[in-house]
Amino acid sequence: MLSGARGWVTILGGLIVWAVHMLGIYAIFSWIDLAPENDGPGRAGAALFSLLCALGALGLSWFSFHDRRSNAEMRAVGGYGALVATVAIVFQTAPILLS
């Protein structure tokens, strides 16, 4: 059973960071489309935002795997979910860095 907010963060934290990353990247690139021709600062901002989100997801993965108040299943689901979120953030950032 989930034990309050801590249980929800353990299970869904990384996936929430991934969702925030998707919305943030969408907003940044919508702003770049409206900005003048020089989109360098927007791409740099998107890369920095992606780095912060990836580090946040990795941190939540570490937190999930080391949360001794939760049972083993919750730790596994939360930890591996946050790792999947980290990989997804990296793959979503690759076109930004390679273009």
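The values are calculated or read from the model by the stated rules, or taken from the named source; none is laboratory data. On a predicted model such as this, the values are computed, not experimentally measured, just so you know. Cβ atoms come from the backbone with ideal geometry, glycine included; neighbour counts cover every protein chain shown. Just so you know, the surface numbers come from the protein's heavy atoms only, side chains and all, with ligands and any DNA or RNA stripped out. Shrake-Rupley method; radii C 1.70, N 1.55, O 1.52, S 1.80 Å.
Looking at segment 43-72 only, could you name the residues that are hydroxyl-bearing (Ser, Thr, Tyr) and at pLDDT below 90? Matches in segment 43-72: SER64, SER70. In segment 40-51, the residues that are under 14 Å from ALA27 (Cβ atoms) reach residues that are part of a helix (DSSP H, G or I) and open to solvent by 60 Å² or more (accessible area, probe 1.4 Å) with C-beta atoms within less than 7 angstrom, at least six apart or across chains, in these pairs: GLY42/TRP31.
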